[in-house]
Amino acid sequence: MSTFRSIEELVKSLDREKELLKEMFAKRKSLSFRYDYALEMTEYKEERIRYLIDYGVIRDTGDFLEMEDIYLKFFEDVLEVNEEINVSFVQDYLTRLNENIDYYLKENNEQRKYNYQREVKRCLKNIALTTVRNVMDLKRNMDNTYKNEPNYRIKKTKLFRLDEKRNNIALLIRKSEELIDYGQPTFFRVAMDVQMRNVVSDVKLQLNDSYHNLIEIQKQIIHYLNLIDYQNRILEKVKKLKYLKDQFLLEEHTDIRQVVAQKNPVWMEPQVGYRIKLSIDNLRTSDEAFQLMKKLAARQKNSSRGMKQLADAIPEEYLDGQSQTIDSVNLQEVHNAFMASSAHLFYFVMNYRFRKEVTRGEKLIFFCQLASQYADELHFTDTYETSGEVEYPLIYSR
C-alpha cells in the first residue's frame, strides 16, 4: 500500500474527492455504498477510486466500498460524533506523563529538559481533552440508547455497560488528580513556571467539571433503568390482560369491573361543540325546572338595558393649563462629580454643594441611594468610621 509523502499531498487528495468522502461518511452505518455509485461521483474515472484504495483512504469489499478506520475515526473525533468511548487513551497519556516527568528529573541538559517539560504539558492537555470528549460521548450514547434502542434487553445491557465506562472514566479522573497533586510533587515544584501553572489549573478545572458531569450522568442512567423496569412491568400486565381478554376470562380472573366503576374519566373527554337542548316534557312537569326558569326570567328583567346615568360635565377651571415645579436633586450629577474626586463617598456627599438647602437626613438618604444605584462603579472597603450616631463604610470610586 502506498503512503502520502506530505501533508500537502494528503490534503489535495481529500479535497479532490470531498464529495465522495462526504457521502461515504454519511452512510458509514450501512454497507449500501456501492462501487457503481462511487464511480458515478468520480465522473466514471476508476483510477481516482483506485488511487484512494491504494493509499489506504477507502477499501474495496467487492460490490461495496468502506472508509478505512483510521480516517473514519479521524472524522468522527474532529466532528465530535464518535460513539465509541475509549478510556485506554487516558491511561496511555498517564503512563507517558510519568515517563516524561522521570526523564525531566534525570536530565541535566537544559534544552532536553525543556522538551520533556513541553511533552508533560501536552500530555496534561490531552488527558483533559480526552476526558471531556469521553464524557460528552457517554452522555450522547446514553440518551441515544434509551430513546432509539427498540429491544428492551439490549437497551438495559447497553445502559449497564455505559455505567461501567462511567466508572472507568471517574477512576481515571481520580488517578489524574492524584498524580498532579501528590504523585510527582518534586517535578511540579521544580518545573512550575507560568505556563505550567496555567496548564495545571486548566486541567484541574476541566477534570473537576467532567467529574460533576459524570455524577449527573449516573443519576440519569439510574432514572432510565427505573423507567425501563416500570415500562416492562406495564407491558407484562398488558400482555396478561390481552391474554385473558382473548380467552374470555377477563371478568372472571380480574376485578376490572370494580376498578372501572371507581374511575370517573368523563372530565377528560373533549367538550362538545354544540348546545344540548333540554327536554320540553321535563320543563313542563318538573318543579325544579319551573323554579329555575322563574329565577332566569327575574334576572333578565333586572338586567334590562336602559339609559345609563351620565356624569356631570368637567368644570372649565380644571381644563386650564397649570404646572407645578418639583425641586429635586439630580443623583447622576452628584455621581459624576464624585467619580472625578478622590474623597470617599460619605465625606463627599456631606460636603457637596447642592442647588437647594438639604438637611443632614436627606444627605444620608442620598448617600445610601448612590451606594446602591452605582454599586458596580464603586469600591467598598472593609473600613468603617462613625459620624455622630451614624456608622458608615469607606467607599471610593474605581
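Gaussian network model of the chain, Cα springs within a sub-10 Å range: biggest mean-square fluctuation belongs to which of 247, 300, 262?
Largest GNM mean-square fluctuation: 300.
Distance between Cα centroids, region 39-60 to region 210-227: provide it in whole Å.
Taking the Cα centre of region 210-227 as reference, the centre of region 39-60 is 45 Å away.
Ignoring ligands, DNA and RNA, please state the percent of accessible area on the chain from carbon and sulfur, probe 1.4 Å.
In the chain, the share of accessible area belonging to carbon and sulfur is 51 percent.
Just to confirm the filter: which chymotrypsin sites (Phe, Trp or Tyr not before Pro) across region 1-50 are DSSP coil and have at most 11 other Cβ within 10 angstrom of their Cβ?
Sites meeting the loop and neighbour criteria: 44.
Past the 29 Å Cα-Cα mark, which pairs from 73/121; 139/240; 29/155; 27/156? Let's see the in-between values first.
Working: 73/121 25 Å; 139/240 36 Å; 29/155 19 Å; 27/156 27 Å.
Result: 139/240 exceed 29 Å.
Work out how far the C-alpha atoms of region 154-220 reach from end to end along every principal axis, then list the three figures in whole Å, largest first.
51, 18, 14
In nanometres, what is the gap between the two model label sites at residue 300 and residue 216, each 7 Å from Cα along Cα-to-Cβ?
The modelled label-to-label distance comes out at 6.3 nm.
Which residue, 366, 85, 108, has the largest displacement toward the positive end of the dipole of the chain when charges sit on each Cβ (Lys, Arg +1; Asp, Glu -1)?
Value: 85.
Rolling a 1.4 Å sphere over the protein heavy atoms, what is the accessible area per residue of the chain, to the nearest Å²?
That works out to 74 Å² for each residue.
Give the distance, in whole Å, between the Cα centre of region 71-119 and the Cα centre of region 330-389.
58
What is the percent of Cα-Cα separations in region 23-170 that go past 17 Å? Working shown, then result.
Working: 7876 of 10878 pairs.
Of all Cα-Cα distances in region 23-170, 72 percent exceed 17 Å.
Suppose R0 equals 22 Å. What FRET efficiency, 1/(1 + (r/R0)^6) with r the Cβ-Cβ distance, do residue 168 and residue 99 give to the nearest 0.05? Working shown, then result.
Numbers: r = 22 Å, r/R0 = 0.99.
Approximately 0.50, to the nearest 0.05.
Rounded, prolate or oblate for the chain? Axes are the square roots of the Cα gyration tensor eigenvalues, ordered a ≥ b ≥ c, and the cut-off for rounded is a/c under 1.5. If you can, show how the numbers build up before the last one.
On the way: a/c = 2.28, a/b = 1.16, b/c = 1.97.
Judged from the Cα gyration tensor, the chain comes out oblate (a/c at least 1.5, b/c at or above a/b).
Taking a ≥ b ≥ c as the square roots of the eigenvalues of the Cα gyration tensor of region 7-79, is the shape rounded (a/c under 1.5), prolate (a/b larger than b/c) or oblate?
On the way: a/c = 1.60, a/b = 1.10, b/c = 1.45.
In terms of gyration-tensor shape, oblate.
Take every Cα-Cα distance within region 103-228, group them into 10 Å bins from 0 onward, and report for each bin the whole-number percent of pairs it holds.
P(r) over region 103-228, rounded to whole percents: 12, 36, 23, 16, 10, 3, 0.
Mind running the shape call on region 331-397? Use the C-alpha gyration tensor, a ≥ b ≥ c as the square roots of the eigenvalues: rounded below 1.5 for a/c, prolate if a/b tops b/c, oblate otherwise. List each step's numbers first, then the result.
Details: a/c = 1.66, a/b = 1.08, b/c = 1.54.
Judged from the Cα gyration tensor, region 331-397 comes out oblate (a/c at least 1.5, b/c at or above a/b).
Which log10 I(q)/I(0) values does region 45-89 give at q = 0.23 Å⁻¹ under the Debye formula, counting every alpha carbon as one identical point scatterer?
-0.83
The values are calculated or read from the model by the stated rules, or taken from the named source; none is laboratory data. Treat the numbers as computed from the prediction; the structure is a model and nothing was measured. All Cβ positions, glycine included, derive from the backbone under ideal geometry; neighbour counts span all protein chains shown. Heavy atoms of the whole protein, side chains included, go into the accessibility calculation; ligands, DNA and RNA do not. Shrake-Rupley method; radii C 1.70, N 1.55, O 1.52, S 1.80 Å.
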